[in-house]
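The values are calculated or read from the model by the stated rules, or taken from the named source; none is laboratory data. These numbers come from a predicted model, not from an experiment. Glycine also receives a Cβ, built like all others from the backbone with ideal geometry; neighbour counts cover every protein chain displayed. Side chains included, ligands, DNA and RNA excluded: accessible areas come from the protein's heavy atoms. Shrake-Rupley method; radii C 1.70, N 1.55, O 1.52, S 1.80 Å.
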Amino acid sequence: MSKLEGKVALVTGAAAGIGRASALALAREGAAVCVSDINSEGAQATARRIIDEGGRAISVTCDVTRVEDVSALVEATVDAFGGLDAAVNNAGISGYFFQRLHEADDEMFERVLDVNLRGVWRCMKAELNQMLPGGGAIVNIASVAGLIGAPKAADYTASKHAVIGITKSAALDYAKSGIRVNAVCPAYIDTAMVQGAIQGNPAMASIMTRAIPMGRLGQPEEIAEAVVWLCSDAASFVTGHALVLDGGLAAM
Ligand code: NAP
């Protein structure tokens, strides 16, 4: 029996990277998946791949900074598949990178908070309204930068610390309502976000791999495994947890 047979899931930022890998993995475990992203073509491509593999999916264009998009995303999921059991709030941006706080751009700080923090807030509100009173599982994609400091990334670090805070508070608020809320905390996963950082500063490639005790970048599929587990009944007693997936980085 697949882990998510008969369940309905949505994933934000699922055109690429960790979001795409999570959408594919959820579908392979039997979930019907609403694939959403600000990038419509990318979301469609992920949904098409799920369908080509024999799964069930729709795609929805959703910018998580727009509350009307987020409401429409949850509505479209319920219209297509009859409910919402699991939500993966993954859409995120990297922020200014490579600048200390006094040099950093205020507009970028606002943008990072709007996508990474307020985006999760907007999505959680819509998802929780749908999941109550039946129950469900929410997984927020945070970062090891939500647990420890990251040099020259104060905006991103602030947003991800806040995502873990929201996750823990919501876990307490809904613990008796059958809704589990968890976060995953990856470090240096080989996606467009990390490749963009390497393009901006080629030295980053070796800085990142040296920072990770395992000596390599993570793969999006390694994060997706944890996402599937947290969405599934196998994690039925897990809530308010921030699961670290970082090749040992935060253990140092
Ligand atoms: P990615 O490859 O850049 O994919 C992120 C996806 O989100 C892209 O398709 C992007 O579209 C989309 N997106 C951006 N802004 C959006 C918005 N306002 N609304 C909806 N979708 C939006 O990034 P990733 O590395 O997979 O990161 C996914 C999540 O994991 C993020 O929350 C990130 O902070 C977190 N994370 C990543 C790493 C890592 O090392 N990669 C480590 C820790 C945590 P566009 O490309 O069109 O902008």
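Can you confirm whether region 107-125 contains a residue that is assigned to a loop (DSSP other than H, G, I, E, B) and either more than 15 Å from the ligand (Cβ to nearest atom) or within 14 Å of the chain's Cα centre (by Cα) (or both)? No, region 107-125 contains no residue that is assigned to a loop (DSSP other than H, G, I, E, B) and either more than 15 Å from the ligand (Cβ to nearest atom) or within 14 Å of the chain's Cα centre (by Cα) (or both).
Summed over region 139-161, residues that are under 14 Å from the mean Cα position of the chain (by Cα) and part of a loop (DSSP other than H, G, I, E, B) total 2. Annotation note: Cβ proximity below 6 Å between a residue of region 183-198 that is over 18 Å from residue 250 (Cα atoms) and a residue that is more than 7 Å from the ligand (Cβ to nearest atom) and not in a loop (DSSP other than H, G, I, E, B) (sequence gap 6+ or interchain) occurs for 197/204; 198/204; 198/205. Residues of region 71-100 that are among the hydrophobic types (A, V, I, L, M, F, W, C), over 11 Å from residue 34 (Cα atoms) and open to solvent by less than 30 Å² (accessible area, probe 1.4 Å): 91 alone. Mind counting the residues in region 151-161 that are under 11 Å from residue 140 (Cα atoms) and of a type in the set (A, V, I, L, M, F, W, C)? The total comes to 0.
No other residue among 198, 164 is at pLDDT below 95 and either part of a helix (DSSP H, G or I) or of a type in the set (Asp, Glu) (or both) apart from 198.
For residue 29, the conditions (1) touching a residue at least 60 places away in the same chain (Cβ under 8 Å); (2) within 10 Å of the ligand (Cβ to nearest atom); (3) open to solvent by 40 Å² or more (accessible area, probe 1.4 Å) are fulfilled apart from (2). Considering region 1-25, the residues that are open to solvent by 40 Å² or more (accessible area, probe 1.4 Å) and of a type in the set (A, V, I, L, M, F, W, C) include one that is farthest from the ligand (Cβ to nearest atom), namely 1. Residues in region 34-60 that are within 15 Å of the ligand (Cβ to nearest atom), open to solvent by less than 20 Å² (accessible area, probe 1.4 Å), aliphatic (A, V, I, L, M) and under 20 Å from residue 83 (Cβ atoms): 35, 47.
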